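*Asks:* Got a structure for you, written out below as structure tokens; questions coming shortly.
The values are calculated or read from the model by the stated rules, or taken from the named source; none is laboratory data. Worth saying up front: this structure is predicted, and the values here are computed from it rather than measured. Cβ coordinates were reconstructed from backbone atoms using ideal geometry, including for glycine residues, and neighbour counts include every protein chain displayed.
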Amino acid sequence: MSSAAAPRTLLGILRAELGLIAGIVTTVLFFTVGKGWLGYLDSLPWLALMFVWLFGVMIWCAFGVVRHADALAELLGEPYGTLILTLSVISIEVAILATVMLGKTPNPTLPRETMFAILMIVLNGMVGTVLAVGGLRYVQQQYNLQGALAYLAVITPLAFLALVIPTFTQSTSGPTLQWQQAIVIGAMTALLYAAFLRIQTTRHRKFFVQPKLTSAGKKVGKTPAVTPAGTDADIADSADHGLIYSGPAHAVLLLATLLPVVLLSKPLAALLDHGIAQIGLPNALGGVVIAMLILSPEWTAALQAAMRDQLQRAVNLSLGSALSTIGLTVPVMLAISVFTGTPLKLGLNSVDIVLLSVTLFVCHITFSGAPTNILLGFVHLVLFGTYLLLIFKP
């Protein structure tokens with residue numbers, strides 16, 4: 001690694017890791033002297049101050065996680081790079097929801113609302129803005145059809161198994177699963193997701209790499225998968241993408257930056273529940289807030305990839321997030337529910353089921369083989385706007 005890529009002084013290192021420092025300080029404060037702060041939530045200004053502080057620090061740390069994951073991505077190439085980034089981001093979601101479910105006052109609908117919010121934000125909001133921005137700049141953009149279809153082929157059945165089937169099962173009275181159903185569906189979800197990861201990283205790795213030619217017939221600037229990880233070219237190029245430490249150092253710092261997000265999720269959930277009830281906002285808004293916290297760094301990375309005409313990386317980030325939120329979250333939430341007896345409501349209502357079905361149908365049309373364009377982006381954004389409207393006016 002060139003010396004220009006590394007922090008020269010201790011001050012430089014501290015400046016680069018300000019998010020981690022803020023996360024550590026905030027976590028220590030909230031778990032020591034700040035334990036009594038949550039007792040004053042009846043005061044709306046105090047509640048708003050605490051929420052802005054926690055949410056801001058967690059977003060800062062989340063972007064730090066993405067920065068270190070992106071550095072590792074530069075070393076490992078595709079599809080490992082976006083896979084590390086996706087798993088890092090979605091692990092935040094799993095940790096937050098697990099913390100809420102295992103708390104003193106579990107919210108049985110929060111996992112469902114968060115998963116549905118992530119699917120709508122990713123498949124409509126993120127995909128829509130990526131296609132619109134990319135289409136505005138490049139008119140048309142190419143992607144690897146086999147990779148996109150592989151994502152959608154797994155997302156579609158898993159989304160229906162997790163969020164639709166529980167609405168219509170007859171073994172229980174509500175939109176829930178009986179424990180035998182939960183075990184089988186959780187196991188099948190985990191196995192199918194594991195099989196997908198195996199295929200993505202070994203047998204069909206080339207499905208998830210940017211095609212060599214863009215719609216204009218020009219060479220794509222970067223195809224990291226064809227370059228051996230760790231070469232001088234990789235390291236020199238990665239200086240522009242945040243690779244300022246060694247690979248193991250970035251891995252350790254990624255985990256360290258992730259830890260405050262996990263630990264602070266419990267007080268954030270308490271603030272959300274209290275604030276939504278006090279102001280009289282829709283319950284589904286809590287899932288949207290958590291989803292935006294989780295996805296904001298990845299959304300930014302996907303937009304940057306589209307601006308560089310690397311649509312396949314944006315597809316890997318967006319569709320990979322949608323798949324991971326089901327493949328990781330559902331087995332963990334079902335396991336917690338079965339082994340601890342925590343109530344869990346997964347089934348969506350009829351309107352949300354229709355919106356989910358239309359979204360998946362449009363995704364299959366969007367990624368049907370033709371180059372993407374700005375019109376397809378607008379279609380997804382209209383569906384995203386409809387989702388936001390239905391939160392406040394169901």
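*Asks:* Looking only at the range 287-323, filter to residues that are hydroxyl-bearing (Ser, Thr, Tyr) and crowded, with 24+ Cβ neighbours inside 10 Å; which one of those is modelled with the lowest pLDDT?
*Replies:* Ranking the qualifying residues of the range 287-323, first place goes to Ser321.
*Asks:* Separate question: Taking the criterion of being under 17 Å from the mean Cα position of the chain (by Cα) and either crowded, with 19+ Cβ neighbours inside 10 Å or β-branched (Val, Ile, Thr) (or both), would at least one residue in the range 33-53 satisfy it?
*Replies:* no
*Asks:* Within the range 347-361, identify whether any single residue is buried (at least 21 other Cβ atoms within 10 Å of the Cβ), at pLDDT 85 or above and within 22 Å of Leu136 (Cβ to Cβ), and answer yes or no.
*Replies:* no
*Asks:* Of all the helices (runs of 4 or more DSSP H) wholly in the range 293-387, which have at least 2 residues that are more than 21 Å from Val261 (Cβ to Cβ), in contact with a His (Cβ under 9 Å, 6 or more places away or on another chain) and touching a residue at least 24 places away in the same chain (Cβ under 8 Å)?
*Replies:* In the range 293-387, the matching helices (runs of 4 or more DSSP H) lie at 350-366.
*Asks:* What pairs come up if the first residue lies in the range 168-185 and is within 20 Å of Pro331 (Cα to Cα), the second is at pLDDT below 90 and among the β-branched types (Val, Ile, Thr), and their beta carbons are under 6 Å apart, counting only those six or more places apart or on different chains?
*Replies:* If the second residue must be at pLDDT below 90 and among the β-branched types (Val, Ile, Thr), the pairs left are Gln178/Thr172.
*Asks:* Taking the range 247-283, which residues are of a type in the set (Gly, Ala, Ser) and under 24 Å from Ser88 (Cα atoms)?
*Replies:* Residues satisfying the conditions are Gly247, Ala249, Ala251, Ala256, Ser265, Ala269, Ala270.
*Asks:* Looking at the range 99-148, which of the residues that are among the hydroxyl-bearing types (Ser, Thr, Tyr) and in a helix (DSSP H, G or I) is surrounded by the fewest Cβ atoms within 10 Å (Cβ to Cβ)?
*Replies:* Thr99
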